[in-house]
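The values are calculated or read from the model by the stated rules, or taken from the named source; none is laboratory data. Since this is a predicted model, take the numbers as computed values, not measurements. Ideal geometry is used to build each Cβ from the backbone, glycine not excepted, and the neighbour counts take in all protein chains shown. Note: accessible area is taken over every heavy atom of the protein model, side chains too, but ligands, DNA and RNA are not part of it. Shrake-Rupley method; radii C 1.70, N 1.55, O 1.52, S 1.80 Å.
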Amino acid sequence: MDVLQRKIRVLVAKPGLDGHDRGAKVVARAYRDAGMEVIYTGLHQTPEQIVEAALQEDVDVVGLSILSGAHNTLVPRVIDRLRQEGLNDVMVVVGGIIPEDDAARLRELGVKAVFGPGTPTQEIVDFTRDHVRSR
Amino acid sequence: MTELALAVRSGDRRALARAISLVESQSEDAHRLLADLWQYTAASLVVGLTGAPGVGKSTLVDGLARAYAKAGRRVGVLAIDPSSPFSGGALLGDRIRMDDPDPRVFIRSLATRGHLGGVNRALGGAIALMAAAGHDLVLVETVGAGQSEVEIMSHADLTVVVLMPGLGDDIQANKAGILEIGDLFVVNKADLPGADLTVREIRSMLSLVDKERALVPITKTIATQGEGIDALLAAIDAFGRNPEERMLQHSRRLQQADRRLGEALAELVVAKIKSSAGPGHWEAAVEQIAARRLDPEGAARELLRPTIEEA
Ligand SMILES: Nc1nc2c(ncn2[C@@H]2O[C@H](COP(=O)(O)OP(=O)(O)O)[C@@H](O)[C@H]2O)c(=O)[nH]1
Ligand SMILES: [Mg+2]
């Protein structure tokens, strides 16, 4: 496929119950300003909804923003579900308040990067662009 | 047929998603795909929804998609949002939210990618793919601004113009555009004061356009409460059943085909000439036109001559 014409598409999602999506929105806008197409799903999404949206929108990247502390249950469910749907080439990144031990475990499960609070958006954008799998 | 085309036909959701990306990228593979599938795209009813930002289009689309899926039918939704002219990126925030992903509903957000009219350049292809994948209804939500409202007509069998109470002045200002393209009018947010007045205003403005326009259906809805959705669906369905309107759909598809043939041919000719005229030829002509040494049509004729003689 023509690589030049292919835009990077990112799904920014907020699974779980916490109601703060300011961080997710800031990251979504940063991706847009870097020339990517961003689908923002809004609050309180289930892993099933997130993966279905990722599938239909044919995204390259799923960004999960989790502040509720439920990352240890939510992230593995998203990853399992992505695999079930055959979306193995979708890159997953996670943002939020996540202890280093947990972050290491998430990376083992296949999360490409975990961004803590205060990570400059430019760093997130650059990392995403550099690591997204070209297809 | 290619494997991808077969997979789209069989209703494979992931194949459909990939196929739409392919069409968005305007590649040669995309053309082959659409050529294979075009013959299977006649049966779906394509409904465009347009109207100013904030009138409730997305909420209505959500309600329509749910109601239609509940009746056992399959719905494709295409939601179009503008790309940023500066970065080329886009924030596609309007994806409607089915509580449980319903296998009968497929939703895809499209960015305009710099296409002037606002309607995605690849929209025709995306609609065709949704139809070939077996969706009975394809709903297209367009950014409600200026030209795109008119452009949606070149893709939709039926155009729904969405308004809300208190927009009387908007309609006035926009009369030519909005009043002439609507096959159905919806006054959403009927829970707000002034809905009946808005209905009357639309009715009287329509009757000023011409006698036939005076009969265009106007439905009141409260999208957030699901009120009026069934009536709107019935009006949409009636459009597909009523023979007179089916004729309209037929002649509209002829007009659309005419326009799309013209567009496709123009694009091919330009691409062929750019590649065959030799390096720098096109750019030189552009400079000459800008400097007023050549007129645009004269330059075009000049560029076209060798191609036509060769054919
Ligand atoms: N009061 C009222 N608000 C509505 C109704 N329908 C939609 N809205 C609200 O209007 C806002 C814009 O709706 P949206 O569907 O995003 O509009 P769009 O920009 O045309 O797609 C949202 O806050 C909706 O909840 C309605 O029938 N009544
Ligand atoms: Mg909308």
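General observations
- Those residues of the stretch B:39-58 which are within 16 Å of ligand 1 (Cβ to nearest atom), among the aliphatic types (A, V, I, L, M) and in a loop (DSSP other than H, G, I, E, B), in sequence order: B:A52, B:V55
- Any chance A:Q56 is open to solvent by less than 10 Å² (accessible area, probe 1.4 Å) and under 20 Å from B:L78 (Cβ atoms): yes
- Of the residues in the stretch B:13-29, not one is crowded, with 19+ Cβ neighbours inside 10 Å and either touching a Ser or Thr at 6+ places or on another chain (Cβ under 8 Å) or away from every other protein chain (no Cβ under 14 Å) (or both).
- Options B:G240, B:G194: the member that is surrounded by 12 or more Cβ atoms within 10 Å (Cβ to Cβ) and touching a residue at least 60 places away in the same chain (Cβ under 8 Å): B:G240
Results for (1) without any contact (Cβ under 8 Å) to a residue 24 or more places away in the chain; (2) open to solvent by 50 Å² or more (accessible area, probe 1.4 Å), shown as yes or no for each residue.
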| position | (1), (2) |
| --- | --- |
| B:R200 | yes, yes |
| B:A214 | yes, no |
| B:L232 | no, no |
| B:Q256 | no, no |
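- Counted residues, the stretch A:1-20 - those being open to solvent by 20 Å² or more (accessible area, probe 1.4 Å) and under 14 Å from the mean Cα position of the chain (by Cα): 1
- Selection count where residues are within 13 Å of ligand 1 (Cβ to nearest atom), at pLDDT 90 or above and not in a strand (DSSP E or B), scope the stretch B:59-86: 7
- Single residue of the stretch B:47-91 satisfying the filter (within 9 Å of ligand 2 (Cβ to nearest atom) and among the hydroxyl-bearing types (S, T, Y)) that is least open to solvent (accessible area, probe 1.4 Å): B:S58
- Filtered by the rule that a residue be in contact with a strand residue (DSSP E or B) (Cβ under 7 Å, 6 or more places away or on another chain) and either part of a loop (DSSP other than H, G, I, E, B) or farther than 14 Å from B:V47 by Cβ (or both), the stretch B:224-243 gives B:G228, B:A231.
- Selection status of B:D36, of a type outside the set (S, T, Y), more than 14 Å from ligand 1 (Cβ to nearest atom), assigned to a helix (DSSP H, G or I) and open to solvent by 10 Å² or more (accessible area, probe 1.4 Å): yes
- Among the residues of the stretch A:21-43, those that are facing another protein chain (nearest Cβ under 9 Å) and either part of a loop (DSSP other than H, G, I, E, B) or open to solvent by less than 20 Å² (accessible area, probe 1.4 Å) (or both) comprise A:A28, A:Y31, A:A34, A:G35, A:M36, A:E37, A:V38, A:I39, A:T41, A:G42.
- In the stretch B:140-154, the residues that are closer than 12 Å to B:T112 by Cβ and open to solvent by 40 Å² or more (accessible area, probe 1.4 Å) form no Cβ pair under 6 Å with any partner that is modelled with pLDDT of 75 or more and within 12 Å of ligand 2 (Cβ to nearest atom), whether six or more places apart or across chains.
- Among the conditions (1) touching a residue at least 12 places away in the same chain (Cβ under 8 Å); (2) open to solvent by less than 20 Å² (accessible area, probe 1.4 Å); (3) under 21 Å from B:S109 (Cβ atoms); (4) touching a strand residue (DSSP E or B) at 6+ places or on another chain (Cβ under 8 Å), the only one that A:L87 does not satisfy is (4).
- Scan of the stretch B:24-62 for residues that are small (G, A, S) and over 22 Å from B:G134 (Cβ atoms), ordered by number: B:S25, B:S27, B:G51, B:A52, B:G54, B:G56, B:S58
- B:E3 open to solvent by 70 Å² or more (accessible area, probe 1.4 Å) and not aliphatic (A, V, I, L, M): yes
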